[in-house]
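Okay, so here's the structure we're looking at.
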Amino acid sequence: MTKPDFIWVILAAGGSTRLGQPKQLLSLGGATLIEHQIRTLQATGLPVCVVTGAVDLSPFIDQQTLHTINNPDWEKGMGSSVKLAQQYYADSHIGWVLVDQYAITTEQALDFYHTWQQAPCLALVSRYNDQDSAWGVPVITHKDLMAKANLPERGLKPWLLANHHQIERQYYNWPAALADLDTPAQWQQVQHQERWHDHA
């Protein structure tokens, strides 16, 4: 299998402990969250991979149109999923997205990618607001990044912070990327919507 030059990786292996139910299977407008995220990113025209783990997502994923990586060690945290995907796509630039970043749109994801493409850097991170610490995923990492830093043991942000001397970060303003679904209160605020959002 020929590996793509760039691929979106949706991190969807977690057990949704704080939410109390699998966030991947939350549904709005007849679409589960994992289906929504896949459609949003596939609409960019770029390849997509999903890292699975705690929840069987096979009924919601078309194996003909995207690749999946199962993480049997999902309980070890997000870093284990990042390591698996990075090892599999060692020769690819990767756009990392969390499964519960439901407010991400195709248009902004494509602009994020084009911003990085015009000025490739080791790590392009999303800035949520004006606070210095308010940044994180989505992140695009350059395929040469692993030559600069060891594979992550934890999530992407702690890893980038730990290796900040080797990894110069660039920033992309993306306030909507701050929205996620970690708690029942967050889901309660969202579930009145008719749909996740339009994919454009």
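Each value in this text was obtained by applying a stated rule to the coordinates, not by laboratory testing. Owing to the predicted nature of the structure, the values given are computational and were not obtained by experimental measurement. Heads up, the Cβs are rebuilt from the backbone with ideal geometry, glycines too, and the neighbour counts pull from every protein chain shown.
Can you give me the Cα centroid spacing of region 86-131 and region 10-79 in angstrom? Going from one Cα centre to the other spans 17 Å.
Positive-end ranking of Ile34, Ser81, Gly95 along the dipole of the chain, with charges on Cβ about the Cα centre, is headed by Ser81. Shape class for the chain: rounded, because the ratio a/c of the largest to smallest gyration tensor axis (alpha-carbon atoms, square roots of eigenvalues) is under 1.5.
Rg of the Cα atoms in region 26-136, relative to 2.2 N^0.38 Å, amounts to 1.11.
Evaluated with a Cβ-only charge set (Lys, Arg +1; Asp, Glu -1), the chain carries a dipole of roughly 320 debye about its Cα centre, given to the nearest 20.
Amide hydrogen proximity for Val9: with H placed 1.01 Å from N in the peptide plane, the residues at 5 or more positions away or on another chain lying under 5 Å are Cys49, Gly95, Trp96, Val97. For the chain, the longest principal axis of the Cα atoms and the long axis of helix 78-88 meet at an angle of about 60 degrees. On the beta carbon distance between His165 and Ala43, with R0 = 41 Å, the FRET formula returns roughly 0.65. Highest mobility in the GNM of the chain, judged by mean-square fluctuation with C-alpha springs under 10 Å and restricted to Trp187, Trp116, Trp96, is found for Trp187. When you restrict to C-alpha pairs under 8 Å that are six or more residues apart and normalise by the size of region 96-146, the relative contact order lands at 40 percent. Between Thr2 and Asp144, the C-beta separation translates, for a Förster distance of 25 Å, into a calculated FRET efficiency of about 0.85. Distances between placed amide hydrogens fall under 5 Å for Thr68 paired with Val50, all partners being 5 or more residues away or on another chain. At an R0 of 30 angstrom, the distance between the Cβ atoms of His114 and Arg18 translates into a FRET efficiency of 0.30.
For the residues Gln64, Gln166, Gln188, a GNM of the chain with alpha-carbon springs under 10 Å puts the largest fluctuation on Gln64. Working note: Karplus 6.51/-1.76/1.60 with θ = phi - 60° gives region 114-129 the couplings 5, 4, 5, 4, 6, 8, x, 9, 5, 8, 9, 10, 8, 9, 8, 7 Hz, where Gly and Pro are set to x.
Per-residue Karplus couplings for region 175-186, computed as 6.51 cos²θ - 1.76 cosθ + 1.60 with θ equal to phi - 60°, are listed in order as x, 5, 5, 6, 5, 8, 10, 9, 10, x, 5, 5 Hz, Gly and Pro entered as x.
In percent, what relative contact order does region 6-190 have, based on Cα pairs under 8 Å that are 6 or more apart in sequence?
Worked out over region 6-190, it gives 25 percent.
Every helix of 4 or more DSSP H residues in the chain counts as -39500 (n - 2.57), and over all residues that averages to -7000 deg cm²/dmol at 222 nm.
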